[in-house]
Each structure stands twice: as C-alpha cells, then as structure tokens.
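Participant: One structure is given below, represented as structure tokens, and several questions about it will come after.
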Amino acid sequence: MTEAAIATPFSRATRKRSATGRRTRSMLGWVFCTICFLLVAVPLADIILLVFVRGISALSPSLFTQVTQGVGGGLLNAITGTLVLSVGALIFGVPIGVGAGIYLAEFGNGRFGSTVRFTADVLTGVPSIVLGYFSYVTMVIWLGWQFSVLAASITLAIMVLPYMAKMTELVLRQIPVPMREAAYALGANDRKVVLKVLMPVAIPGVMTAVLLSLAISVGETAPLIYTAGWSNYVWNGKLTHEPIGYLTYVIWSFINQPFESAHALAFAAALLVMLTVLAINLAARAVLRVRAG
C-alpha cells in the first residue's frame, strides 16, 4: 500500500473526531448561554409580572385625582412631582449636555477636550446617592434652598449630563467629514456649520440621548431623597424651600410599611414608573428607526 492510502483512513478519522468535538463544544456553549439567559430572564420576568399584576389591581381613578394621605389616598402629588423634576432636569441638562457634546465632537481634540471626556467618564461611574449627598451639602444646606424642586432638578441634570454629552459627540462624529468641508468651502463659519449643517442631521440621535436621559431621571430615587424630600401635597410652583413628592419615593418607602394600602400605592407607583420608562425607550427606538430610515 502507498503512503497516501495508509494516511487517508487516519485523516478521515481525525476529521470526524474534530467535527464531533466542535459539535460537542458548540452544544455545551449553547447550553451555557441558555442557562445564563434563564438566570437573567426568569427573575426579570417574575418581577415584571408581579409589578404588573399587583399594580393593575391597585389602579383606580382616585389614584390620579387624589393626593397621598399618610399611607393611603392617591398618587396625584407623586405623579406631578415626577413630571416636574424630570422636565426640570431636562431644562438644565439638555443645553449643557448637548453643548458639551458639540464641543467635544467638533473642537475637543486638545487637552481640555480630553479632560472633559475623562470627567464625563468619571461622572458616569459616580453612584447617584453620592451626587445626592453632594447636592444636599451644597444646595440644601449651604445655599439654604432646603428640600426643593431646584436642588433635585439640578442634581438629576448633573447625573444625566455625561450621557447626553457622550451620545451627542458620538452622533456628530458619525456625520461624514465632506459635509463639513463643503459647508466651509461655501464660506460658512463654525456656528453655521454646527447649527445649519450638522445639527439637522444629528437631531434624531440627540433626541434619543434626551429620551434616554429622561428615562434615567424618572427611575432615580437616591439623589432625590437628599434633595427633594417628600410632600403629600401637589407642587405649588415654588422652586426652593418646598419639598415635592415623586413616584420612586412611594416605591422605596411605602413597600416597607405594614399596611395593605401602602403596598397597593407602592405597586401602583412601580407600574407607572415601569410603563413610563418603557414608553420612553420605545420612543427612543422609534426615533432611531426614523434616523436609520
């Protein structure tokens, strides 16, 4: 027998063992991934189902028309407060965050831009309760604003600033350089290039950053405990020296109360927060889809 003829059966056996080994490793990999997915998905699905079932059973018209009374009543004050704080965070955060993103994308290639990026990265890793304590010391105590809408809104704005800045920078950097060069060739200055050429293209991405920042602010609790306090009354329009209610406080505080009415309010508030965040994320996806189209 020739040497090639002898080697052929061994080569076939080797290829067969190699294919069997690959299939075994692939199957083990899929099993491992499935187990990991179930470890994440099952508890998440259980939480969502529990909040949905208990929250739906607690919903009633009075929930949206009455203020919280002790551990009972409605959530009108908390719903209004969450809306006010979230809008306030966007009022303070959007101009600074989007402006920082524009600077980093168009003019931030130097040392100062690197410092701003590093600061944004650090700020995204700071626990929200630390920001809340910082705001408590500086605004609530030192400036004397006490628990207030202004202190809470500024704190939320500080928290979402780095997200808006980084996403805005990313969106602007994806715009082709020839668009900038064409605008400069026509005699446009930096301001016109940014406002007339780049921003119209980047608006869907910037809107996505704003919506995701809104979702973050809606779901926060820790920084608001130190800055907004809590109130059983609907916001009266004062920016300082007046606490305000919000939904996440109801979830955090009322679930620990030994009363069924408190638990009902907590689950109703959790459902409202969950649905609000879901709606914001769906809106962000819709904006991205429009941009991609």
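Participant: So E220 passes all but one of these: (1) outside any loop (DSSP other than H, G, I, E, B); (2) under 21 Å from the mean Cα position of the chain (by Cα). Which condition number does it fail?
Facilitator: With (1) outside any loop (DSSP other than H, G, I, E, B); (2) under 21 Å from the mean Cα position of the chain (by Cα) applied to E220, the lone miss is (1).
Participant: Now a separate question. From the list K196, K238, exactly one residue is surrounded by fewer than 20 Cβ atoms within 10 Å (Cβ to Cβ) and either among the hydrophobic types (A, V, I, L, M, F, W, C) or free of Cβ contacts under 8 Å to residues at least 40 places away in the same chain (or both). Which is it?
Facilitator: One residue alone meets the criteria, K196.
Participant: While we're here: Of all residues being under 16 Å from the mean Cα position of the chain (by Cα) and of a type in the set (A, V, I, L, M) in segment 99-128, which is surrounded by the fewest Cβ atoms within 10 Å (Cβ to Cβ)? Just the residue, please.
Facilitator: V126
Participant: Exactly one of these conditions fails for L50: (1) surrounded by 15 or more Cβ atoms within 10 Å (Cβ to Cβ); (2) modelled with pLDDT of 85 or more. Give me its number.
Facilitator: (1)
Participant: Name the residues in segment 249-278 that are under 19 Å from V218 (Cα atoms), surrounded by fewer than 22 Cβ atoms within 10 Å (Cβ to Cβ) and not hydrophobic (A, V, I, L, M, F, W, C), would you?
Facilitator: Result: S253, T276.
Participant: Out of everything in segment 1-47 that is in a helix (DSSP H, G or I) and hydroxyl-bearing (S, T, Y), what residue ends up being modelled with the lowest pLDDT?
Facilitator: T8
Participant: Can you run down the residue pairs with Cβ atoms below 8 Å, 6 or more apart or on separate chains, where the first is in segment 36-48 and on the phi < 0 side of the Ramachandran plot and the partner is in a helix (DSSP H, G or I) and surrounded by 10 or more Cβ atoms within 10 Å (Cβ to Cβ)?
Facilitator: I48/M274
The values are calculated or read from the model by the stated rules, or taken from the named source; none is laboratory data. On a predicted model such as this, the values are computed, not experimentally measured, just so you know. Every residue, glycine as well, gets a Cβ built from its backbone with ideal geometry; the counts of neighbours run over all protein chains shown.
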